[in-house]
Every structure is written in C-alpha cells, then in structure tokens.
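Novice: Please find one structure pasted underneath; my questions will follow.
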Amino acid sequence: MRYPKSILFLVFVFLIMTGSRTKEIRLTEGIQPGNLAPEIHGQDINLKGNTFVLLQFWAAYDAHSRMVNVQMHNAISQLRAEDIRLVSVSLDESEAVFEGIVKAEHLDPATQFNDSQGKNSEIFKEYRLNSGFTNWLINPDGIIIAKNVNPKEISKYIEVYRSVSHGVFE
C-alpha cells in the first residue's frame with residue numbers, strides 16, 4: 001500500500017514540473033490567419049505599427065481586383081485612421097498604367113504602391129498570388145487575423161479582435 005502512494009506522488013510531482021515550464025510560442029511567417037505576415041521588401045511598407053493594416057493586392061489587367069481595391073479604399077477612408085490603414089499593392093509592370101489608374105479612380109496615392117516586377121516579384125511569390133489577388137487583415141503586431149475580407153467585415157473584425165484581446169495582449 002505504501003508504494004502505490006509513493007508512485008502516485010512521483011507522478012504528481014512529475015506532472016507539476018513538466019506542466020509548470022513556460023513554453024515559448026514562436027510565430028511562423030506565412031499567409032494564413034495566425035501567421036506573421038511576410039515582410040514586403042523593396043517598398044516603403046511596414047505591416048506592424050499602431051493600427052490594423054488591410055493589405056490589398058491588385059493589377060490593372062484584373063478587373064475584379066481593381067473593383068475590390070476601390071471598394072476597400074472607400075470603406076477604409078470612412079473608418080478612423082487610428083484604427084486601420086490601407087496598404088494596396090499593384091503588380092502592374094507599367095508605372096504609367098499604375099499611376100493612371102490611381103488618378104482615374106481617385107485613390108489616395110499614400111496608400112497605393114506598385115511593384116513593377118509584376119508576376120516575377122518576390123511579393124507575388126511570397127503571398128502566392130498566382131491563384132488570384134486577395135487581401136489580408138493584419139493586426140498591429142503583424143499577425144494575420146483574416147483573409148479575403150469584404151468591406152462590410154473590416155470594422156467587425158477589428159471590434160471582435162479588440163474585445164477578445166483586451167487585457168490579454170496589452
């Protein structure tokens with residue numbers, strides 16, 4: 001009878017010792033929610049900061065991506081600047097085409113960037129845009145919290161994220 005209690009005590013101590021160790025969580029870079037968003041090199045773009053970032057990709061030759069880009073631009077311009085900012089990346093090889101569209105569609109040039117390497121760019125490869133242009137909602141820590149959001153969902157995602165993380169991440 002004495003040995004089973006000793007064994008149980010040792011098992012209990014072992015469980016406490018192994019469970020009490022803090023495990024370091026390392027985020028990996030990727031393009032799915034929960035991953036750190038890949039850095040965008042060669043552009044003056046920072047995906048971390050004090051606000052959420054909606055990272056939007058588009059190109060002149062893709063009518064749907066252009067339409068979504070304008071919708072996102074309009075939706076975000078109606079939200080508070082301290083909540084979210086738009087980083088919109090065009091993958092047009094022609095700088096003149098890019099500039100013409102930004103002007104014609106009345107987009108804020110401060111939110112629009114162009115990678116003239118197009119489909120050959122590192123951005124195109126890192127974000128796996130060969131399957132189509134999309135967008136990512138990124139929190140202030142650079143972590144992707146949603147993919148393929150529509151304009152109506154943006155403020156909801158921010159509100160839910162803040163209510164869930166209040167006091168946990170701050």
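Novice: The conditions are (1) touching a residue at least 24 places away in the same chain (Cβ under 8 Å); (2) farther than 15 Å from Arg66 by Cβ, and Lys156 fails exactly one of them. Which is it?
Specialist: For Lys156, the exception is condition (1).
Novice: Would you please name the residue that is surrounded by the most Cβ atoms within 10 Å (Cβ to Cβ), looking only at residues in segment 123-170 that are among the polar types (S, T, N, Q) and at pLDDT 85 or above?
Specialist: Asn135
Novice: Counting just the residues of segment 84-137 that are of a type in the set (S, T, N, Q) and part of a helix (DSSP H, G or I), which one comes out farthest from Trp58 (Cα to Cα)?
Specialist: Among them, the one singled out is Asn120.
Novice: Given the conditions (1) buried (at least 17 other Cβ atoms within 10 Å of the Cβ); (2) more than 16 Å from Ile31 (Cα to Cα), and given that Asn120 satisfies all but one, which numbered condition is not satisfied?
Specialist: Only one criterion in (1) buried (at least 17 other Cβ atoms within 10 Å of the Cβ); (2) more than 16 Å from Ile31 (Cα to Cα) is unmet by Asn120, namely (1).
Novice: Another question about this same structure. Let me spell it out: the conditions are (1) among the hydrophobic types (A, V, I, L, M, F, W, C); (2) at pLDDT below 95; (3) surrounded by fewer than 13 Cβ atoms within 10 Å (Cβ to Cβ), and Ala96 meets all of them except one. Which number is the exception?
Specialist: (2)
Novice: Just wondering, is there one or more residues in segment 71-80 that are touching a residue at least 24 places away in the same chain (Cβ under 8 Å), within 23 Å of Glu39 (Cα to Cα) and polar (S, T, N, Q)?
Specialist: Looking for residues that are touching a residue at least 24 places away in the same chain (Cβ under 8 Å), within 23 Å of Glu39 (Cα to Cα) and polar (S, T, N, Q), one finds none in segment 71-80, hence no.
Novice: Only one of (1) more than 26 Å from Pro151 (Cβ to Cβ); (2) at pLDDT 85 or above is not met by Thr51, so which one is it?
Specialist: Only one criterion is unmet by Thr51, namely (1).
Novice: Something else about it: For segment 140-166, how many residues meet the condition of being closer than 15 Å to Ile76 by Cβ and assigned to a loop (DSSP other than H, G, I, E, B)?
Specialist: So the answer is 5.
Novice: Only one residue in Ala37, Ala63 is closer than 18 Å to Asn130 by Cα, surrounded by 20 or more Cβ atoms within 10 Å (Cβ to Cβ) and modelled with pLDDT of 90 or more, so which one is that?
Specialist: Ala37
The values are calculated or read from the model by the stated rules, or taken from the named source; none is laboratory data. Every value quoted in this text rests on a predicted model; they were computed, and no experiment measured them. Virtual Cβ from ideal backbone geometry, glycine too; neighbours counted across all protein chains shown.
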